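A short write-up of the structure that comes next.
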Amino acid sequence: MPILDKMETCIFCKIINGDVPCDKVYEDDKTLAFLDLNPVARGHTLVIPKKHFETMDEMDEETAAAVIETTQKIARAVLKFNDGYNVNQNNKPEAGQVVPHVHYHIVPRNSGDGLHYCWNKIDLSEKEIDEVKVKIQTFLK
Ligand code: 5GP
Ligand code: ZN
């Protein structure tokens, strides 16, 4: 689908354009931060670039830097009234991405809040570790 069509159907682009309302907490020329509609914690915030990119790897360096800067700003604010926070960032449906406009979740955390990851650890042989390490290094070139 061409990028302009994607932007027209993208819920986060609609929020950026003001066509869909949001509970905005911060905005600058490159990024927007607003409360998640379905929070898993009080203050669960999403940080997005104003330019439409589907996944984190697609962003240009300037946009990526701006998004991280805003994520850090939100994290610092969240830490003023919480014990900690998670930054979660899903890319592609197989990884749990529902909205195809890159976004960073900042989830405030407190002791006993009952939130937990459900990632299962896997066992890898030395050979498998070597293979995957080489694969990543090869694709980095
Ligand atoms: P994902 O699973 O793609 O990483 O997360 C997408 C997030 O966007 C979800 O947590 C969902 O609640 C949130 N979301 C989806 N649509 C809207 C919306 O229209 N407004 C707001 N504020 N959040 C949304
Ligand atoms: Zn978008």
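Please compute, over every Cα-Cα pair in segment 22-93, the percentage with a separation greater than 17 angstrom.
Cα-Cα pairs of segment 22-93 separated by over 17 Å account for 44 percent.
Which of D29, D113, D123 moves the most in a Gaussian network model of the chain with Cα springs under 10 Å?
Sorting by GNM fluctuation, first place goes to D123.
Search the structure for amide H atoms under 5 Å from the amide H of R109, placed 1.01 Å from N in the peptide plane, and list their residues when 5 or more places away or on another chain.
Here the answer is D83, G84, Y85, N86, since their amide H atoms fall under 5 Å of that of R109.
Each label point is 7 Å from the Cα along the Cα-to-Cβ direction; what then is the distance between the points at I122 and N86, in nm?
2.0
Over the chain, with the other protein chains present, what is the accessible area per residue in square angstrom, probe 1.4 angstrom? Provide the component values of the computation, followed by the final result.
On the way: 9970 Å² over 141 residues.
Here the residues of the chain average 71 Å² of exposed surface.
Going through segment 36-121, which chymotrypsin sites (Phe, Trp or Tyr not before Pro) have at most 11 other Cβ atoms within 10 Å and a DSSP loop state?
Numbers: sites: F53, F81, Y85, Y104, Y117, W119; in loops: F53, F81, Y117, W119.
Here the sparse-neighbourhood loop sites are F81, Y117, W119.
List the residues, sorted by chain then number, that are 5 or more residues from T55 or on another chain and whose placed amide H is less than 5 Å from its amide H.
For T55, the qualifying residues are V102.
Starting at the first residue of segment 14-31, write each ³J(HN,Hα) from the Karplus equation 6.51 cos²θ - 1.76 cosθ + 1.60 with θ = phi - 60°, in whole Hz, x for Gly and Pro.
Computed from phi, the couplings for segment 14-31 are 5, 5, 4, 6, x, 6, 10, x, 8, 8, 6, 10, 7, 8, 9, 5, 10, 9 Hz.
Of K127, K14, K30, which is the most mobile in a GNM of the chain whose springs link Cα atoms less than 10 angstrom apart?
In the Gaussian network model the winner is K127.
Of the accessible area of the chain, with the probe set at 1.4 angstrom, what percent is carbon plus sulfur? Don't skip to the answer; put the middle values down first.
Details: 5610 of 9970 Å².
Heavy-atom surface of the chain belonging to carbon and sulfur, 1.4 Å probe: 56 percent.
So what are the ³J(HN,Hα) numbers for segment 62-69, from phi and the Karplus equation (6.51, -1.76, 1.60; θ = phi - 60°), rounded to whole Hz, Gly and Pro as x?
3J(HN,Hα) across segment 62-69, in whole Hz: 5, 5, 4, 5, 5, 5, 5, 4.
Could you list which residues have their amide H under 5 Å from that of V25, counting only those 5 or more apart in sequence or on another chain, with H placed in the peptide plane?
Counting only residues 5 or more places away or on other chains, the set is A33, F34, L35.
Using Cβ-Cβ distances only, list the Cys residues of the chain with no partner cysteine under 4.7 Å, sorted by number.
So, C22, C118.
Under a Cβ-Cβ cut-off of 12 Å, what is the net charge of the residues other than I15 that fall near it, where Lys and Arg count +1 and Asp and Glu count -1? It would help to have the intermediate numbers written out before the result.
On the way: positive: K14, K24, K50; negative: D19, D23, E27, D36.
Its environment carries a net charge of -1.
How large is ³J(HN,Hα), in whole Hz, for each residue of segment 88-102 in order, when computed from phi with the Karplus curve 6.51 cos²θ - 1.76 cosθ + 1.60 and θ = phi - 60°, using x for Gly and Pro?
10, 8, 9, 10, 6, x, 5, 9, x, 6, 9, 9, x, 9, 3
Give the lysines reachable from K80 as a straight Cα distance under 19 Å; neighbours fewer than 8 places away on the same chain don't count.
Straight-line reach from K80, under 19 Å: K24.
What ratio of Cα Rg to 2.2 N^0.38 Å holds for segment 8-59?
Values: Rg = 11.1 Å, N = 52, 2.2 N^0.38 = 9.9 Å.
Rg over 2.2 N^0.38 Å, computed on Cα atoms: 1.13.
Can you show me the helix-derived [θ] at 222 nm for the chain, built from DSSP H runs with n ≥ 4 at -39,500 (n - 2.57) apiece and divided by the number of residues, rounded to the nearest 500.
Values: 4 runs with 48 residues, N = 141.
When only DSSP H runs of four or more count, the value is -10500 deg cm²/dmol.
On a full-extension model of 0.36 nm per residue, what is the gain between D19 and D5, subtracting their alpha-carbon distance, rounded to one decimal in nm?
On the way: separation 14, 0.36 × 14 = 5.04 nm, distance 1.57 nm.
Between D19 and D5, full extension yields an extra 3.5 nm.
When the Kirkwood radius is taken over all Cα pairs of the chain, what Stokes-Einstein diffusion coefficient follows at 4 °C and 1.567 mPa s, in µm²/s? Show your work: numbers first, answer last.
Details: Rh = 16.9 Å.
D = 77 µm²/s.
Roughly how large, in nm² to one decimal, is the mean projection of the convex hull of the alpha-carbon atoms in segment 55-111?
Working: hull surface 17.2 nm².
Across all orientations, segment 55-111 yields a mean hull projection of 4.3 nm².
The values are calculated or read from the model by the stated rules, or taken from the named source; none is laboratory data. From a predicted model like this one, the values you see are computed outputs, not experimental measurements. For neighbour counting, all protein chains shown are included, and Cβ atoms are generated from backbone atoms with ideal geometry for every residue, glycine included. Side chains included, ligands, DNA and RNA excluded: accessible areas come from the protein's heavy atoms. Shrake-Rupley method; radii C 1.70, N 1.55, O 1.52, S 1.80 Å.
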